[in-house]
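Novice: Below is one structure. I have some questions about it.
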């Protein structure tokens with residue numbers, strides 16, 4: 001079971017991810033509405049600390065061609081796209097794409113299934129990063145195939161085992177569920193508990 005920790009904002013958090021050997025580290029870029037938004041310069045600092053076995057993911061919302069080009073100059077392994085993805089953006093992308101969907105647009109995953117650049121899906125709540133779960137039955141009809149199937153939205157140490165049992169994804173994605181109580185920064189103890197809950201179930 002793959003583990004993705006999203007919304008990494010600091011080098012110290014990268015060191016925690018190394019310690020617990022997660023699979024993906026997500027960094028929010030070009031989205032100032034998010035408290036987890038960081039600059040590309042900060043992302044490069046974080047990437048320089050992350051272990052080579054951790055995949056580095058640029059997380060963006062309805063990106064422009066120029067933003068994708070900037071991301072591809074940095075050493076990311078994936079780009080995760082929320083919102084709209086234009087044909088022009090798809091044309092310039094060379095990184096593998098994780099396309100994110102929420103409760104309102106889950107049916108659109110079929111539009112991207114035959115595109116070789118789309119390597120997986122992230123299924124999230126209506127408001128990404130809100131810490132709220134969605135009705136997991138909404139993904140019951142989505143096939144488990146060669147595309148990565150990653151479940152997000154309101155996951156935390158206390159419910160991730162139940163989510164895995166019900167949904168049977170390829171991986172799980174957490175951000176707010178492993179943050180400090182004040183919502184600022186990641187909490188090592190919560191990350192440890194989350195990772196252990198996933199690995200104990202697997």
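Novice: Would you please name the residue that is modelled with the highest pLDDT, looking only at residues in region 100-113 that are farther than 13 Å from residue 143 by Cα and assigned to a loop (DSSP other than H, G, I, E, B)?
Specialist: Only one residue tops the list, namely 102.
Novice: Taking the criterion of being under 16 Å from the mean Cα position of the chain (by Cα) and either surrounded by 20 or more Cβ atoms within 10 Å (Cβ to Cβ) or not in a loop (DSSP other than H, G, I, E, B) (or both), would at least one residue in region 70-77 satisfy it?
Specialist: So far as region 70-77 goes, yes, one or more of its residues are under 16 Å from the mean Cα position of the chain (by Cα) and either surrounded by 20 or more Cβ atoms within 10 Å (Cβ to Cβ) or not in a loop (DSSP other than H, G, I, E, B) (or both).
Novice: Would you be able to tell me the number of residues in region 54-68 that are farther than 20 Å from residue 122 by Cβ and touching a residue at least 12 places away in the same chain (Cβ under 8 Å)?
Specialist: Residues that pass the stated criteria total 2.
Novice: Among 129, 83, which is the only one that is surrounded by 17 or more Cβ atoms within 10 Å (Cβ to Cβ), on the phi > 0 side of the Ramachandran plot and either touching a strand residue (DSSP E or B) at 6+ places or on another chain (Cβ under 8 Å) or modelled with pLDDT under 90 (or both)?
Specialist: On inspection, the qualifying residue turns out to be 129.
Novice: Which condition from (1) more than 19 Å from residue 25 (Cβ to Cβ); (2) in contact with a strand residue (DSSP E or B) (Cβ under 9 Å, 6 or more places away or on another chain) is the one that residue 69 breaks?
Specialist: (2)
Novice: Looking at region 157-174, can you tell me whether even one residue there is out of contact with any strand residue (DSSP E or B) (no Cβ under 9 Å at 6 or more places or on another chain) and within 25 Å of residue 61 (Cα to Cα)?
Specialist: no
Novice: Would you mind stating whether residue 144 is in contact with a strand residue (DSSP E or B) (Cβ under 7 Å, 6 or more places away or on another chain) and surrounded by fewer than 16 Cβ atoms within 10 Å (Cβ to Cβ)?
Specialist: no
Novice: While we're looking at this one, here's another question. Does residue 29 qualify as being over 24 Å from residue 157 (Cβ atoms) and touching a helix residue (DSSP H, G or I) at 6+ places or on another chain (Cβ under 8 Å)?
Specialist: yes
Novice: I would also like to ask the following. What residue, of 25, 58, 43, is under 17 Å from the mean Cα position of the chain (by Cα), buried (at least 19 other Cβ atoms within 10 Å of the Cβ) and not in a strand (DSSP E or B)?
Specialist: Of 25, 58, 43, the one residue that is under 17 Å from the mean Cα position of the chain (by Cα), buried (at least 19 other Cβ atoms within 10 Å of the Cβ) and not in a strand (DSSP E or B) is 43.
Novice: Follow-up. If residue 122 meets every condition in (1) within 27 Å of residue 42 (Cβ to Cβ); (2) in a loop (DSSP other than H, G, I, E, B) apart from one, which number is that one?
Specialist: Of everything listed in (1) within 27 Å of residue 42 (Cβ to Cβ); (2) in a loop (DSSP other than H, G, I, E, B), residue 122 misses just condition (2).
Novice: Kindly provide the set of residues from region 146-161 that are assigned to a loop (DSSP other than H, G, I, E, B) and either over 16 Å from residue 191 (Cα atoms) or free of Cβ contacts under 8 Å to residues at least 60 places away in the same chain (or both), ordered by number.
Specialist: 146, 147, 153, 154, 155, 156, 157, 158, 159
The values are calculated or read from the model by the stated rules, or taken from the named source; none is laboratory data. As the structure is a prediction and not an experimental result, all values here were calculated from the model. With ideal geometry, Cβ positions are generated from the backbone for all residues, glycine too; neighbour counts draw on all protein chains shown.
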